[in-house]
Amino acid sequence: MKVTVHFHGILADWVGVSRAEIELPSGATLADLLSQIRKRFGAHMPARLKEKQDSEFQQAFWAVKGALPVSDPRTIVEDGEEWRFFFPLAGG
């Protein structure tokens, strides 16, 4: 199956694209999607976004499925969905 991923803000700068198509097996979860993103774009992301032990992403950014924020890595990803990823920044 295929999903569309949108990177917003500084994440788009880090990975060099604002949109990407990601292939996943049927029954994939958010954890699987993050794994594929890491494999494809992880080399372009700062080390602080990755766990030191296994290079898995930390919960350092927000995932949004449709209009709903998602934090559970067990959330099922469906064919044709669009996912948006944001890196929270503070400022004033």
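No value in this document is a laboratory result; all are computed from the given coordinates. On a predicted model such as this, the values are computed, not experimentally measured, just so you know. Here the Cβ is made from the backbone with ideal geometry for all residues, glycine too, and neighbour counts use every protein chain on show.
Structure notes:
- Nearest-0.05 FRET efficiency for W62 and S26, computed from C-beta distance (R0 30 Å): 0.70
- The amide H of V70, built 1.01 Å from its N in the peptide plane, has A63, V64, K65 as neighbours under 5 Å, considering only residues 5 or more places off or on other chains.
- Full extension of the chain segment joining T75 with H8 gains 22.0 nm, where the gain is 0.36 nm per residue of separation less the Cα-Cα distance.
- Label point distance in nm, K39-M1, each placed 7 Å from Cα along Cα→Cβ: 1.7 nm
- Taking the number of Cβ atoms within 10 Å of each Cβ as an exposure proxy, the fewest-first ranking of W62, W83 is W62, W83.
- Among residues other than R84 with Cβ under 12 Å from its Cβ, the summed charge is 0 (Lys and Arg +1, Asp and Glu -1).
- Ranked list, fewest to most other Cβ atoms within 10 Å of each Cβ, for D32, D79: D79, D32
- Counting every other Cβ atom within 10 Å of each residue's Cβ, E82, E21 order from fewest to most as E21, E82.
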